[in-house]
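Worksheet: one structure, shown below.
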Amino acid sequence: MAAPNLSRMAFRSSKLLARPSHLLSAQLLMQMQSPSPLTRKMSVDAHSVASQLNSSGLLRTQGLIGGKWSDAYDGKTIKVYNPATGESIVDIACMGGRETNDAISAAYDAYRSWSKTTAAERSKFLRKWYDLLMVHKEELAQLITLEQGKPLKESIGEINYGAGFIEFAAEEAKRIYGDIIPAPLSDRRLFVLKQPVGVVGAITPWNFPLAMITRKVGPALACGCTVVIKPSELTPLTALAAAELSIQAGIPAGVVNVVMGNAPDIGDALIASPQVRKITFTGSTAVGKKLMAGSAETVKKVSLELGGNAPCIVFDDADLDVAVKGTLAAKFRNSGQTCVCANRIIVQEGIYEKFANALRDAVQNMKVGDGFSEGVAQGPLINEAAVKKVETLIHDATSKGAKVILGGKRHSLGFTFYEPTVISDVNSEMRISREEAFGPVAPLLRFKTEEDAIRIANDTNAGLGSYIFTNSIQRSWRVAEALEYGLVGVNEGVISTEVAPFGGYKQSGLGREGSKYGMDEYLEIKYVCLGNMNKE
Ligand code: ADP
């Protein structure tokens, strides 16, 4: 590996807002009550953390093609930035179509032998990879906070969650059963085999630098596929570290490949290749549609996890504390930068004022700062474009009558820090109700009846995450069934887990990730008919 340019790594200790942090989500609160030694260390010396990562071999800057770390063929590099400081962490290889084609060839060659391994063998490799991810949990979490900005506690949560997909895949590899179908004719026997789909192109975003990769690569490898991963150029370091650990786990060369750099060129190469039999993508709806259209040329299997516009419905009969804590977690996790973050908080008129005040108080108590600092509940946004989008949507809403009741501006910490924001009197005509804000802004809409709530919630092209807060069991069922969404949280704001299916209705995507259902995305179904069985 080329030595990362550590001389360019400059860090500054963050300033913190001295606010109590007692109103975080239950999950974050629990984590914060038992700070790890790492957390204490990180709050004082981010620079030494980067050096440690480098000396442990986990700070990789090159792509991985056929088991070899490689620079871009033309030597080009791009910078990866720490969003909390605006400073460059390291330069990485900026690859394109040529490197991608070589990665595809390597994956295609490796497929021949990997697809022939037994399920038990693949399971053992995956288990070893999982073990290594857990052994290096704290370093990987540091890497996520460094390049993505989320609070270190959330990064550690992401490692547990992300590694969980590898563990689950290791277990599920052994349960890819076929079927024997009762034959309609007495001299026939009918079998169904499940076989790997082939080489997979996996394109992932920056908001979960590890988990978005493992939930694609885990099941792909378990099924016998090989992969070419293209992580986001904003957060490639975690992906490269995970790939390094896959090598240490003994996963054969060419089974896992990583290229990054010129996204459209890499995407085009993946789409054009007839050797790539499946594209799995998490990211924007616009790019997802492009990949889907492009995949038509070679009729690839496609799974897409695209943008959401999650409604979070608070009924009059909700438990106020549960609703506030759940909304806080659903809205402000990762500074609002997840595709299942509550995008519209739809509140029944009887509880509206009380809920708005309680939510405002809770949000006010969130500590904003560098993710390495102890007690921080919200880090920076990923980049300037993300801040501009939030500003534009808030401006549009307030120009049409919405009121900012908390925040509503850039944070005094500068860079891409934004004040956690609550705005009231939002309606469905405002852009903030129709587009994903992907930032720390909670827009409150008002409704009268259950039918109104369902109509408002479903009035969108998206259909990924949704949340309901109510104490009525009957209403929970009725509304959960009526919502046109792939995921519904009832009295809970954080519901993603590797053991449950994740995916969207409508334009939020195709297919499911995680759980036993996620395995099917990487499998072909083959029907075999044995004839003339009665012949001696
Ligand atoms: P976001 O707005 O969340 O960054 P994107 O869809 O732009 O969403 O990015 C998600 C992933 O898709 C990233 O890895 C990005 O580099 C990649 N990407 C962006 N444009 C293309 C493209 N034309 N072809 C293939 N991948 C792309």
> If you check PHE415 against the conditions, is it in contact (Cβ under 8 Å) with a residue 60 or more places away in the chain, under 17 Å from PHE332 (Cα atoms) and open to solvent by 20 Å² or more (accessible area, probe 1.4 Å)?
Replying inline: no
> In the set GLU305, GLU244, which member is touching an Asp or Glu at 6+ places or on another chain (Cβ under 7 Å) and not polar (S, T, N, Q)?
Replying inline: GLU305
>> Need pairs with beta-carbon distance below 6 Å; first residue over 15 Å from LYS331 (Cβ atoms) and within region 355-378, second β-branched (Val, Ile, Thr); sequence gap 6+ or separate chains.
In response: LYS367/VAL376; GLY369/VAL376; GLY371/THR145; PHE372/THR145; GLU374/THR39
> If you go through region 455-466 one residue at a time, how many are within 18 Å of VAL347 (Cα to Cα) and buried (at least 21 other Cβ atoms within 10 Å of the Cβ)?
Replying inline: 4
>> Just to be sure I understand, how many residues within region 467-490 are farther than 20 Å from CYS339 by Cβ, open to solvent by 50 Å² or more (accessible area, probe 1.4 Å) and part of a strand (DSSP E or B)?
In response: 0
> Applying the selection to region 397-440, what residues are part of a loop (DSSP other than H, G, I, E, B), over 26 Å from THR285 (Cα atoms) and among the aliphatic types (A, V, I, L, M)?
Replying inline: ALA402, LEU413
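A quick yes/no check of all residues on (1) touching a helix residue (DSSP H, G or I) at 6+ places or on another chain (Cβ under 8 Å); (2) among the hydrophobic types (A, V, I, L, M, F, W, C); (3) within 16 Å of the ligand (Cβ to nearest atom); (4) not in a helix (DSSP H, G or I):
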residue: ALA442; (1), (2), (3), (4): yes, yes, no, yes
residue: ALA457; (1), (2), (3), (4): no, yes, no, no
residue: SER496; (1), (2), (3), (4): yes, no, no, yes
residue: ALA500; (1), (2), (3), (4): yes, yes, no, yes
residue: GLY504; (1), (2), (3), (4): no, no, yes, yes
residue: TYR517; (1), (2), (3), (4): no, no, no, no
residue: ILE525; (1), (2), (3), (4): no, yes, no, yes
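For every residue, the table says whether it meets (1) farther than 26 Å from LEU413 by Cβ; (2) modelled with pLDDT of 95 or more.
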site	(1), (2)
LEU38	no, no
SER55	yes, no
THR61	yes, yes
SER70	yes, yes
THR77	yes, yes
>> Against the condition crowded, with 16+ Cβ neighbours inside 10 Å, under 30 Å from GLN378 (Cα atoms) and aliphatic (A, V, I, L, M), how does VAL499 come out, does it pass?
In response: no
>> Give all pairs with beta carbons closer than 9 Å in which a residue from region 216-238 that is at positive phi meets a residue that is among the hydroxyl-bearing types (Ser, Thr, Tyr); count only pairs at least 6 apart in sequence or on separate chains.
In response: GLY224/TYR111; GLY224/SER115; GLY224/THR117; GLY224/TYR522
>> Return the residues of region 421-448 that are more than 19 Å from GLN348 (Cα to Cα) and open to solvent by 10 Å² or more (accessible area, probe 1.4 Å); say none if nothing qualifies.
In response: ARG431, ARG434, GLU435, GLU436, PHE438
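The values are calculated or read from the model by the stated rules, or taken from the named source; none is laboratory data. Note that the structure is predicted; figures quoted are calculated from it, not measured. Quick reminder, even Gly has a Cβ in these numbers, built from the backbone with ideal geometry, and neighbours come from all protein chains shown. Side chains included, ligands, DNA and RNA excluded: accessible areas come from the protein's heavy atoms. Shrake-Rupley method; radii C 1.70, N 1.55, O 1.52, S 1.80 Å.
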